[in-house]
Amino acid sequence: MKKIKIILFVFFSVGLLQSQNKLLTIQDAVLKGRTSLAPERLQYLQFTSDSKYFFYKKNNAILFFNCSDLKPFKTISLTNLNQELKKQNSDTLSNFPLIENVNNCFEFATSEGKFAYNYLTNVLSSTKANSFLEKENADKSPVNDDVAYTIDNNLYASINGIETQITKDGNYNLVYGKTVHRDEFGIHKGTYWSPKGNFLGFYRMDQSDVTDYPIIDWSTNPATNKNIKYPMAGGKSHYVTVGIYNVNTKTTTYVKTEGPKDQYLTNISYSPDEKYIYIVVLNREQNHFKVNEYEVATGNFVRTLFEEKDEKYVEPLHAMEFLGTNPNQFIWQSNRDGFNHVYLYDIKGTVIKQLTKGNFEVKEFVGFDAKCENGFYYANAESPTNQDMYVVNLKTGVNKRITQGNGYHACVISKDFKHVIDIFTSCYVPRDYSLINIASNKTSNFYKAPNPIEAYALGKWNMFTLKNDEGTTLHARMFKPINFDSTKKYPVLVYLYNGPHVQLVTNTWMAGGELWYQYMAQKGFIVFTLDGRGSDFRGKTFEQAIHRKLGTCEMEDHLIGVNYLKSLPYVDGSRIGVHGWSYGGFMTTSLMTLNPGVFKVGCAGGPVIDWNYYEIMYGERYMDTPQENPDGYKANNLLNHVDKLKGKLLMIHGAQDDVVVLQHNLLYQKKAVDKGVQLDFYLYPGHAHNVLGKDRAHLMEKICNYFIDNL
């Protein structure tokens, strides 16, 4: 009997060992890295409309739990839903549909119509689908079913179910109701409903002075050209105005903004009584903005509430948020004291109090409770790589941390603001779900996502910090090869971005890394990442260090990382490679050409090569214009340094890239030919700035193989 137990134990141990030694294919790592091999996300995770329960989808059923004690309340299965659909003589479903939680009902659409399932009464009813929500740029009114949308370049609206064409002269050069300013300054749409739905604000963009730029479709015979408007640094820009459509009188008024026509109009909001519209007017130099008030009825300028200036640049990203219970007060976000913080203002433009303060960033202001006594926000006060939810009392200014645990917290808040669902992850925790009672601070875990890659042979990873030459802390992460042996020497792949508004190293699962790092760990590589100066959520000084000299201090910080790597006894300093995309492609090419010999191999995807060829809004913020900063543009123009290149460099681009246009890469290729410099190039037809879908596995296989073959 004892022998049998030993045999069974050995058999079990061998099986366990084998189950933890599966190897990733590049297709697994790329195509499944954000789906089946990513930490599990509970789908449809929400509170019910009355805030008494929360629910999520599991195994084709919706599970409900009581907020007071976490006890199961009820389950609505796909079978339950299909039974009710049969009663309506409707076809059944093979999977639980995509739902919208509205007034204690699950609203969902099938091929036969739209339905509402009351999850408290278990009654299914047919409801009218709003087909206008399927239109281009659809934007629904906050109070009814009116919808604004665009057809071609004109603005339309469905008012009381009747289609109205608001503009009629839209064309290629004149665009209505679409996003403007290349999606900078927090802009992500082109229409803005007023709080009561009586007015529709919209952008009008005149692009007639912007030079056409060709984007070639190579799939046709012959190839065809589709021009886009691409305003390049130092050149002519588009001109934006704001219109206001009165839903009741069916008339349009244009806001009378003064100033140069190439200024930026951003962060649009309304007063709660709809009498005024507020626009942040930013000069093209991007170092001075005004928060201006205009009459909705006439479009006339009323006053400037306040202004902000900076010797380098200001970047307004958030509109005013009025208190629902006090229309004379609003929230404003600003980094004027060096970090992004929340301020309480009165309608006269006077600061009542600074609600948050410290050497940390408020990452997002979430909103107010029902009485507008408290405001909720995310911040990284515990660590630049962390995120927590906080609440601040608007009267006392007292701040309270809601979430606990060293890591990254994302939350769902109940409508009564009594509970929070905390979705937690950290470097070694895939994802945990807990219910938090805000008043009592009681936290109850109700689901732990399993390790999705437990069965695979993995390299160990960790997070740590380094100091650059000026003593600033830099956050880094490292993935080591599987079966790591500190007595051996390993090649290193440095993966980077290091541009504004991006943070790669975070206290999330695998330190924010991707699964293809583990694929490279299988191949015997160390994968290293560092967030240098210029990257996000470290305050104004850290980000603005790159101003007028893109690539300079970023390279200095990354060379600190390289020196650290070379100090490690298990790193082969002669076999270090570097890879990045977009700004990371610019950094990769910069490091390879301006620091020749440091990296043996590089792969630059979608790289900016010459900032003269990049867009006005982003480029001029960080570099000023080429006319104002000729030395800066010359210094980081990589065409001037091609002949310094040493090592193997693969450059990749999407053939239809409309962000970093293909011309960047082609100019570099031509200069390499002129200088007799050999390098490698690969093009992805049919793809814009990012290579997505199934082709991404092809892309990453090419990149990984390039390092495997050459390092």
### Task
Of the conditions (1) closer than 21 Å to Val296 by Cβ; (2) over 28 Å from the mean Cα position of the chain (by Cα); (3) without any contact (Cβ under 8 Å) to a residue 40 or more places away in the chain, Asp212 clears all except one; give me its number.
(1)
#### Entry: Qualifying positions in the range 499-550 - out of contact with any strand residue (DSSP E or B) (no Cβ under 7 Å at 6 or more places or on another chain) and among the aromatic types (Phe, Trp, Tyr)
Trp516, Tyr519, Phe542
### Task
Please verify whether the range 666-681 includes one or more residues that are in contact (Cβ under 8 Å) with a residue 24 or more places away in the chain, more than 16 Å from Thr593 (Cα to Cα) and of a type in the set (Val, Ile, Thr).
no
### Task
Test Asp680 against the stated conditions and say whether it is among the acidic types (Asp, Glu), crowded, with 20+ Cβ neighbours inside 10 Å and under 28 Å from Arg696 (Cα atoms).
no
### Message
Among the residues in the range 112-124, are any over 21 Å from Phe54 (Cα atoms) and out of contact with any Asp or Glu (no Cβ under 8 Å at 6 or more places or on another chain)?
### Response
yes
### Query
Can you spot a residue in the range 45-53 that is assigned to a strand (DSSP E or B) and of a type in the set (S, T, N, Q)?
yes
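Could you check the range 468-488 and list, in sequence order, the residues that are more than 30 Å from Asp536 (Cβ to Cβ) and either in contact with a helix residue (DSSP H, G or I) (Cβ under 6 Å, 6 or more places away or on another chain) or buried (at least 17 other Cβ atoms within 10 Å of the Cβ) (or both)?
If the condition is that a residue be more than 30 Å from Asp536 (Cβ to Cβ) and either in contact with a helix residue (DSSP H, G or I) (Cβ under 6 Å, 6 or more places away or on another chain) or buried (at least 17 other Cβ atoms within 10 Å of the Cβ) (or both), then Ile482 is the only one that fits.
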### Summary
Reported set for the range 33-79 where residues are more than 25 Å from Leu124 (Cβ to Cβ) and touching a Pro at 6+ places or on another chain (Cβ under 9 Å) is Ser36, Leu37, Ala38, Pro39, Glu40
#### Entry: Near pairs, Cβ below 6 angstrom, 6+ apart or cross-chain, from the range 288-316 (closer than 14 Å to Lys256 by Cβ) to any residue that is outside any strand (DSSP E or B) and of a type outside the set (D, E, K, R)
Tyr294/Val255; Gly299/Val255
### Task
Within the range 619-631, count every residue that is in contact with a helix residue (DSSP H, G or I) (Cβ under 6 Å, 6 or more places away or on another chain) and not in a loop (DSSP other than H, G, I, E, B).
2
### Task
Could you check how many residues of the range 317-347 are of a type in the set (Asp, Glu) and in contact (Cβ under 8 Å) with a residue 40 or more places away in the chain?
1
### Task
Consider only pairs whose beta carbons are under 7 Å apart and that are at least six residues apart or on different chains; among these, list those whose first residue lies in the range 439-467 and is in contact (Cβ under 8 Å) with a residue 12 or more places away in the chain and whose second residue is outside any loop (DSSP other than H, G, I, E, B) and surrounded by fewer than 16 Cβ atoms within 10 Å (Cβ to Cβ).
Ala455/Ser19; Ala455/Lys22; Tyr456/Lys22; Ala457/Lys22; Lys467/Thr473
### Query
Inside the range 143-155, can you point out the residues that are touching a Lys or Arg at 6+ places or on another chain (Cβ under 8 Å) and assigned to a loop (DSSP other than H, G, I, E, B)?
Val143, Asp146, Asn153
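Would you list the strands (runs of 3 or more DSSP E) that sit entirely within the range 362-411 and hold 1 or more residues that are under 17 Å from Trp509 (Cα atoms) and either more than 21 Å from the chain's Cα centre (by Cα) or in contact (Cβ under 8 Å) with a residue 12 or more places away in the chain (or both)?
Details: elements: 362-368, 374-379, 388-393, 399-401.
Passing ranges, in order: 388-393.
From the list Lys646, Lys634, which residue is at pLDDT 95 or above and either in a loop (DSSP other than H, G, I, E, B) or not basic (Lys, Arg) (or both)?
Sole residue among the options that is at pLDDT 95 or above and either in a loop (DSSP other than H, G, I, E, B) or not basic (Lys, Arg) (or both): Lys646.
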### Task
All but one of (1) among the hydrophobic types (A, V, I, L, M, F, W, C); (2) in contact with a strand residue (DSSP E or B) (Cβ under 6 Å, 6 or more places away or on another chain); (3) part of a helix (DSSP H, G or I); (4) under 20 Å from Tyr230 (Cα atoms) hold for Ile703, so report the exception by its number.
(4)
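The values are calculated or read from the model by the stated rules, or taken from the named source; none is laboratory data. Because the structure is predicted, anything quoted here is derived from the model rather than measured. Here the Cβ is made from the backbone with ideal geometry for all residues, glycine too, and neighbour counts use every protein chain on show.
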